[in-house]
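The values are calculated or read from the model by the stated rules, or taken from the named source; none is laboratory data. Bear in mind the structure is a predicted one, so any value in this text is a computation, not a measurement. Please note: Cβ atoms are built from the backbone with ideal geometry, for glycine as well, and neighbour counts cover all protein chains shown.
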């Protein structure tokens, strides 16, 4: 698994949504859950997949409508994503605790 070169707030949002998902989830659902535009979410998913953090497959169910691409964290990706999300939270928590009225 490759290390992420840069971790943007949008990347953290996608990782957080993938961690919260119950199994594989489709890209458009991640767009909705993160509130980020599809033009941000799908390139992030591609980068995560290229790095081995995420695996994807086509939904093979018999449901009607367009096929969905499903995304899920790999085992290694899940552990690393949890660490990235936790690290992204830490500086905000420290800053809030130091500012009166925000704790």
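Some notes on this structure:
- Against the list (1) modelled with pLDDT of 95 or more; (2) out of contact with any strand residue (DSSP E or B) (no Cβ under 6 Å at 6 or more places or on another chain), the condition residue 102 fails is (1).
- Single residue of region 76-99 satisfying the filter (in a helix (DSSP H, G or I) and farther than 20 Å from residue 20 by Cα) that is modelled with the highest pLDDT: 91
- Sole residue being under 19 Å from residue 89 (Cβ atoms) and in contact (Cβ under 8 Å) with a residue 12 or more places away in the chain, chosen from 16, 3: 16
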